[in-house]
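Visitor: Dumping the structure here so I can ask a few things about it.
The values are calculated or read from the model by the stated rules, or taken from the named source; none is laboratory data. Keep in mind the model is a prediction, meaning the values are calculated, not measured. Here the Cβ positions follow ideal geometry from the backbone for every residue, glycine too, while neighbour counts run over all protein chains shown.
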Amino acid sequence: MSLVQKRDVNGRFTSDTYNEDNTEEVLTADREQIYKDEISNLRRLLKQSYREQNLDEELRKFAFELGHTKLNPPQWLTPRRRNKIGGIPHLFLSDWHWGEVVLEKEISGLNSYNLDIAKQRCTKVFDEFIDIYTNRVAPFHYDGCVVALGGDMVSGTIHDELLETNETDIMPQIVSMSEHLIAGFEKILDNFGRIAVFCVVGNHGRNTKDKRFKRKTYQSFDWLCYQMLDKYFANNNDIHFVIPQGSDVLYKIYNTTYLLTHGDTLGRGGGGAVGSLGPVSTGDKKRRDRQMGLGTPYDVLICGHFHQLAMLPNKIINGSLKGFDEYAYGLGFPPEPPVQASWLTHPTKGVTIQVPVFCSEEEDADNQNNAWVSWQKEELEYGGSGSKSAFEASN
């Protein structure tokens, strides 16, 4: 018989001994508690896995009574001959961060943001968009209007600092923002007749701590907001929602194909000399290669996430409704005004007129200089227009 000193559950030696030849005693004395703990932990993980698998489908089935999402775009997005067609107006809404609070004292007074300001900016972005394409642009006939919802619509709860400083909890954020989007869509319907709305989720709206790729859409509060909008307009045939299960959505306006993605998976960075164009160009290249392999290439990438407006011929990066914040200030990014992208898609020429929609609640400053153009005054040796100031030229 061989006696061996016992160990506790943490592996430390005790004063007790056991018979090494008696395997039952070894199992009972030293391993029973460890096995019990492992069994308990495995049971807990199994229950959690079952809950995660069932939660989203139950929510979709019983709370919203939704079937499979229809991904067929409206027929009016296809080309049709008609006089004075200027194209389809396109409004890109993303990165609203509804419910977040930005304190101007923390960013040198450059911006402030809260629910009241968000509501004012929401109203202004819809009013400005309608005014631009019905009054300021030549009076074209529009077959309808396209709105892209690019994610990060709510502030969310992914960071502890947001949980501590958000003006309201996540569910009131969703309800409040949905109400204002409904009001904006009804304004667009009154002016353009028909709307096609394409939606993707962002990263701030997720209900998990870590970023995920599996079941990403169903774990986002952005998706919940889009479903509420779709349900509200369910009986209105003039507005059509496309809400994919994946993180990207492909759609075509006339002969131009767009790929809409939020932007958080395009690449990291955005603070170098080229700004957000670095990671966006890298991610754009990967997606173009992917879509070519799938046999569905696209012409224009549109994304948000970076809060830096850039409107180029083949890629459009959106600004934000929130504007400059503590994060951008702390990392030394240049100030960006609250702005959203808009443009026209021509039947044959693709993206043509591009107009940023500034949505700050502040009124435009009065211009004290009445000259329509100005330049530095110079005394030229032989005379010429350079010797005349802008103020003289304007009279």
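Visitor: State the number of residues belonging to region 185-216 that are in contact with a Gly (Cβ under 7 Å, 6 or more places away or on another chain) and outside any strand (DSSP E or B).
Guide: Residues that pass the stated criteria total 8.
Visitor: Of everything in region 316-327, what is of a type in the set (A, V, I, L, M, F, W, C) and closer than 13 Å to SER112 by Cα? Give them in sequence order.
Guide: First, pick out the residues of region 316-327 that are of a type in the set (A, V, I, L, M, F, W, C): 316-317, 321, 324.
Listed by number, the residues that qualify are LEU321, PHE324.
Residues are listed down the side, and each one gets a yes or a no for (1) within 23 Å of TYR327 (Cβ to Cβ); (2) of a type outside the set (Phe, Trp, Tyr); (3) free of Cβ contacts under 8 Å to residues at least 12 places away in the same chain; (4) touching a strand residue (DSSP E or B) at 6+ places or on another chain (Cβ under 9 Å):
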position	(1), (2), (3), (4)
LYS214	no, yes, yes, no
TYR218	no, no, no, no
PHE221	yes, no, no, yes
PHE233	no, no, no, yes
HIS240	no, yes, no, yes
GLN245	no, yes, no, no
THR257	no, yes, no, yes
LEU260	no, yes, no, yes
LEU277	yes, yes, no, yes
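Visitor: Got a number for residues in region 305-326 being closer than 9 Å to PRO337 by Cα and of a type in the set (A, V, I, L, M)?
Guide: 1
Visitor: Among the residues of region 357-368, is any more than 17 Å from GLU100 (Cβ to Cβ) and modelled with pLDDT of 90 or more?
Guide: Here is the first cut: in region 357-368, the ones more than 17 Å from GLU100 (Cβ to Cβ) are 357-358, 362-368.
Within this subset, residues satisfying the condition of being modelled with pLDDT of 90 or more are 357-358.
Within region 357-368, one or more residues are more than 17 Å from GLU100 (Cβ to Cβ) and modelled with pLDDT of 90 or more.
Residues checked against (1) more than 20 Å from the chain's Cα centre (by Cα); (2) in contact (Cβ under 8 Å) with a residue 60 or more places away in the chain; (3) not assigned by TED's automatic domain parsing to the domain that holds LYS105:
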| residue | (1), (2), (3) |
| --- | --- |
| ASN236 | yes, no, no |
| GLY304 | no, yes, no |
| ALA310 | no, no, no |
| LYS322 | no, yes, no |
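Visitor: Inspect region 273-285 for any residue being of a type in the set (D, E, K, R), at pLDDT 90 or above and surrounded by 19 or more Cβ atoms within 10 Å (Cβ to Cβ) and give the result as yes or no. Talk me through it step by step, then tell me what you get.
Guide: From region 273-285, those of a type in the set (D, E, K, R) are 284-285; that's our starting set.
Pick out the ones that are also at pLDDT 90 or above and you get 284-285.
From what's left, surrounded by 19 or more Cβ atoms within 10 Å (Cβ to Cβ): 284.
Yes; the residues of region 273-285 include at least one that is of a type in the set (D, E, K, R), at pLDDT 90 or above and surrounded by 19 or more Cβ atoms within 10 Å (Cβ to Cβ).
Visitor: Let me ask another. Sort through GLY150, GLY156 and tell me the only one that's within 23 Å of the chain's Cα centre (by Cα), buried (at least 23 other Cβ atoms within 10 Å of the Cβ), in the same structural domain as LEU189 (by TED's automatic domain parsing) and modelled with pLDDT under 95. So that I can check it myself, show each step before the final result.
Guide: Values: GLY150 fails: modelled with pLDDT under 95.
Criteria check complete, one pass: GLY156.
Visitor: Please state which one of LEU250, LEU181, LEU163, LEU189 is modelled with pLDDT of 95 or more and surrounded by fewer than 19 Cβ atoms within 10 Å (Cβ to Cβ).
Guide: Values: LEU250 fails: surrounded by fewer than 19 Cβ atoms within 10 Å (Cβ to Cβ); LEU181 fails: surrounded by fewer than 19 Cβ atoms within 10 Å (Cβ to Cβ); LEU163 fails: modelled with pLDDT of 95 or more.
Matching residue, one of LEU250, LEU181, LEU163, LEU189: LEU189.
Visitor: If I filter region 255-265 for residues that are farther than 30 Å from LYS285 by Cα, outside any helix (DSSP H, G or I) and touching a helix residue (DSSP H, G or I) at 6+ places or on another chain (Cβ under 7 Å), do I get at least one hit?
Guide: Start the filter on region 255-265 by keeping residues that are farther than 30 Å from LYS285 by Cα, which leaves none.
No, there is no match, as no residue in region 255-265 is farther than 30 Å from LYS285 by Cα, outside any helix (DSSP H, G or I) and touching a helix residue (DSSP H, G or I) at 6+ places or on another chain (Cβ under 7 Å).
Visitor: Pick from region 217-231 the residues that are in a helix (DSSP H, G or I) and touching a Gly at 6+ places or on another chain (Cβ under 6 Å): which of them is surrounded by the fewest Cβ atoms within 10 Å (Cβ to Cβ)?
Guide: Ranking the candidates gives PHE221 first.
Visitor: Now for a separate question. When you scan region 152-171, do you find a residue that is closer than 28 Å to ILE253 by Cβ, in contact (Cβ under 8 Å) with a residue 40 or more places away in the chain and part of a helix (DSSP H, G or I), even just one?
Guide: Of all residues in region 152-171, those closer than 28 Å to ILE253 by Cβ come to 152-154.
Now restrict to residues that are in contact (Cβ under 8 Å) with a residue 40 or more places away in the chain: 152-154.
Imposing the further condition that a residue be part of a helix (DSSP H, G or I) reduces the set to none.
Checking region 152-171: not a single residue is closer than 28 Å to ILE253 by Cβ, in contact (Cβ under 8 Å) with a residue 40 or more places away in the chain and part of a helix (DSSP H, G or I).
Visitor: Let me ask something else. Is there a residue in region 217-227 that is more than 17 Å from GLY150 (Cβ to Cβ) and either at pLDDT 95 or above or among the aromatic types (Phe, Trp, Tyr) (or both)?
Guide: At the first step, the residues of region 217-227 found to be more than 17 Å from GLY150 (Cβ to Cβ) are 218-219.
Subset that is either at pLDDT 95 or above or among the aromatic types (Phe, Trp, Tyr) (or both): 218.
There is at least one residue in region 217-227 that is more than 17 Å from GLY150 (Cβ to Cβ) and either at pLDDT 95 or above or among the aromatic types (Phe, Trp, Tyr) (or both).
Visitor: Has region 214-223 got any residue that is closer than 20 Å to ASP289 by Cβ and assigned by TED's automatic domain parsing to the domain that holds ASP289? Let's see the steps before the verdict.
Guide: Keep residues of region 214-223 that are closer than 20 Å to ASP289 by Cβ, which gives none.
No, because not a single residue in region 214-223 is closer than 20 Å to ASP289 by Cβ and assigned by TED's automatic domain parsing to the domain that holds ASP289.
Visitor: Let me ask another. If a residue must be crowded, with 16+ Cβ neighbours inside 10 Å and of a type outside the set (A, V, I, L, M, F, W, C), how many such residues does region 289-325 contain?
Guide: The total comes to 14.
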